[in-house]
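One structure below.
The values are calculated or read from the model by the stated rules, or taken from the named source; none is laboratory data. Since this is a predicted model, take the numbers as computed values, not measurements. As a convention, Cβ positions derive from the backbone with ideal geometry for all residues, glycine included, and neighbour counts pool all protein chains shown. For the accessible areas, the whole protein counts, side chains as well, though only heavy atoms, and no ligand, DNA or RNA atoms are used. Shrake-Rupley method; radii C 1.70, N 1.55, O 1.52, S 1.80 Å.
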Amino acid sequence: MKWIGNRQSDNVEDRRGSGGGKIAAGGGVIAIVFFLIKAFFPQAAPLVDTIQQNQQQTTQNSSEPVELTPEQKETGDFAKTVFAYTEDTWNKIFTEMGGQYEEPKMVLFSDNVETACGSATAASGPFYCPGDKKVYIDLEFMKELKTRFGAKGGDFATAYVIAHEVGHHVQTLLGTSDKMRQFQAGKSEAEVNKLSVCLELQADFYAGVWAKYNSQYIEAGDIEEALSAANAVGDDAIQSKMQGHVNQESFTHGSSEQRMYWFKKGYTTGDIKQGNTFAQAGFSL
């Protein structure tokens, strides 16, 4: 993706290398927060166990600042540029819709982070917290996406992840997230999961729309990198790798095929009005 020399977002907090803090001991994050902090990374029992274990004990990282490597600085600069691209895109789309876009912030972190949604570790993967309207990204996740989950990698895979999380912010601004949670009340676990899948697939669609609006920066192979990442984090792909079998009723983010389909639809149409994943699943939200 073309990015060097372009504007970087001012709405980024780079907490990498600044020294860690404590993850509070004890109860901490309840089930709903696990949903919120896992807005991108598909639910998998081993990762949830890791988060819960970390929350049951106090972890103290070194408070001494650590110098970022040249590679880390470059990946941070890339992330800040992509975030600026999302600001430009969604400001334009909201203006076209007769509204005003409220720009979120992005936090780059390592190991663990405190958020308005509770404490989280790198095991959470990238996520969006509606409580503080911030996107949280551990850029080391991108390496794991490639080495552990089989994605091609590449800078546009990172761009896709960031755009997906910003998609959740758009859903918050449009009221979609609140409506979905209200609709989930009293539903069976299977129905709750289906609604969660719809929310995630719409964020994939919004990432595709974003890519369409930024076609001037896209290079050969970029879309394939995004699709490879979407394929790698499908619920079926994750479950198959981590537990050896697939349970569709427990899907919370959608299958690999669904995630690729909705990203491609967003990229092909570039039309935010064509991303009603809820209607496609039979819900009137």
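Considering segment 245-274, the residues that are more than 10 Å from C198 (Cβ to Cβ) and among the small types (G, A, S) include one that is most open to solvent (accessible area, probe 1.4 Å), namely S250.
For K152, only one of the following conditions fails: (1) at pLDDT 95 or above; (2) in a loop (DSSP other than H, G, I, E, B). What is its number? It is condition (1) that K152 fails. The residue that is nearest to Y217 (Cα to Cα), counting only those in segment 82-96 that are among the hydroxyl-bearing types (S, T, Y) and touching a residue at least 40 places away in the same chain (Cβ under 8 Å), is Y85. Residues of segment 171-187 that are open to solvent by 60 Å² or more (accessible area, probe 1.4 Å), over 17 Å from Y128 (Cβ atoms) and not hydrophobic (A, V, I, L, M, F, W, C): Q182, G186, K187. In segment 235-274, the residue that is nearest to the chain's Cα centre (by Cα) out of those that are more than 30 Å from K92 (Cα to Cα) and outside any helix (DSSP H, G or I) is T252.
For segment 202-232, how many residues are surrounded by 24 or more Cβ atoms within 10 Å (Cβ to Cβ) and hydrophobic (A, V, I, L, M, F, W, C)? Within segment 202-232, residues that are surrounded by 24 or more Cβ atoms within 10 Å (Cβ to Cβ) and hydrophobic (A, V, I, L, M, F, W, C) number 9. Flag not set for L145, criterion: farther than 20 Å from L199 by Cβ, touching a residue at least 24 places away in the same chain (Cβ under 8 Å) and in a loop (DSSP other than H, G, I, E, B).
On inspection, E191 does not qualify as within 21 Å of D77 (Cα to Cα) and open to solvent by 20 Å² or more (accessible area, probe 1.4 Å).
From G167, G154, which residue is open to solvent by less than 10 Å² (accessible area, probe 1.4 Å) and under 21 Å from K80 (Cα atoms)?
Of the residues listed, the single one that is open to solvent by less than 10 Å² (accessible area, probe 1.4 Å) and under 21 Å from K80 (Cα atoms) is G167.
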